[in-house]
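Novice: What follows is a single structure, and I will ask about it in a moment.
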Amino acid sequence: MTPVPMTLVTIIAEHVLREPLTADLRRLGARGYSIGEVEGEGTRGLHTQDWQGKNLRIETVVPADVAAAILAHLAARYFDDYAMIAYTSTVAVLRSGKFA
Amino acid sequence: MTPVPMTLVTIIAEHVLREPLTADLRRLGARGYSIGEVEGEGTRGLHTQDWQGKNLRIETVVPADVAAAILAHLAARYFDDYAMIAYTSTVAVLRSGKFA
Amino acid sequence: MTPVPMTLVTIIAEHVLREPLTADLRRLGARGYSIGEVEGEGTRGLHTQDWQGKNLRIETVVPADVAAAILAHLAARYFDDYAMIAYTSTVAVLRSGKFA
């Protein structure tokens with residue numbers, strides 16, 4: 001079994017977005033995802049600390065075109081109104097038949 | 001101190017596999033690992049949601065040959081019977097003498 | 001909106017370092033970070049298990065020069081006295097205006 005190159009998408013976002021984000025991921029083609037809890041703190045501009053609190057850390061491993069669609073959707077739908085960061089990297093993946 | 005290129009292996013698996021997986025990692029050459037809790041949801045084939053629940057997210061940073069041995073072992077030992085995804089990426093690593 | 005290449009820094013460290021590490025990150029130029037809980041186990045040298053317990057998993061996405069400064073600081077300040085691992089990788093990042 002040979003690992004397959006795919007794109008790991010990681011999203012750090014507010015809890016209130018859990019349901020809409022996971023629905024978005026499924027609709028855009030993700031076959032699975034994992035959600036962890038993190039505490040975050042961030043700053044913007046002049047202030048040392050503009051927000052802090054519990055956030056979601058969502059990971060999904062998807063084909064590159066699905067990753068691009070996810071990021072484009074996040075930016076268009078959420079970035080004006082929510083604190084969110086999303087980043088991608090290429091990973092080599094093995095999945096069991098039970099997983100996906 | 002210069003960062004060293006190594007392979008980060010991430011494994012998302014069912015809780016029941018915690019003890020066997022960590023024993024496997026040690027036996028195959030990992031000198032340390034971290035385990036976090038995630039919630040997961042996955043689909044396979046025709047069904048929109050085939051499993052969901054709490055999973056382990058295990059990370060270990062190892063030489064490339066150890067990573068290859070880990071992935072080969074996971075596929076041979078677990079993939080027929082368990083929902084599991086494993087992925088690797090290359091990272092630049094610094095470790096304290098206290099760590100490993 | 002185009003993803004920007006940045007450096008993801010991941011630090012696994014003892015809980016006691018939470019406050020000093022996050023202060024370090026801010027001072028060295030990180031605009032935000034996320035902290036998760038992991039359980040860890042590590043070995044060094046001859047012993048099969050030298051430490052285990054709860055650790056912090058801190059992530060921050062920063063420019064490459066900030067990442068280099070963070071790793072150099074960690075090595076100089078903490079590596080002699082604490083169990084710690086830090087690793088970096090390049091990621092493609094989108095951030096909302098609300099985030100940073």
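Every number here is computed from the coordinates shown, using simple stated rules; none is lab data. Not measured: the values here are computed from a predicted model. Using ideal geometry, Cβ is built from the backbone for each residue, glycine included, and neighbour counts are taken over all protein chains shown.
Novice: Please report, in whole Å³, the volume per residue of the convex hull around the C-alpha atoms of chain A. All intermediate terms of the calculation are to be shown ahead of the outcome.
Specialist: Numbers: hull volume 10.8 nm³, N = 100.
Considering the Cα atoms of chain A, their hull volume per residue is 108 Å³.
Novice: How many nm is it between the label spots at A:Asp65 and C:Val4, if each spot is 7 Å from the Cα in line with the beta carbon?
Specialist: 2.9
Novice: How large is the dipole of the range A:4-92 about the Cα centre if only Lys and Arg carry +1 and Asp and Glu carry -1, each at its Cβ, rounded to the nearest 20 debye? Don't skip to the end; give the middle numbers.
Specialist: Numbers: 8 positive and 11 negative charges, 58 e Å.
The dipole of the range A:4-92 has a size of about 280 debye.
Novice: Calculated from DSSP H runs of 4 or more alone, at -39500 (n - 2.57) each and per residue, what is the 222 nm mean residue ellipticity of chain A, nearest 500?
Specialist: On the way: 2 runs with 25 residues, N = 100.
Rounded to the nearest 500, it is -8000 deg cm²/dmol.
Novice: Have a look at B:His15, B:Thr90, B:Gly40 and report the one farthest towards the positive end of the charge dipole of chain B, computed about the Cα centre with Cβ charges (Lys/Arg +1, Asp/Glu -1).
Specialist: Of B:His15, B:Thr90, B:Gly40, it is B:Thr90.
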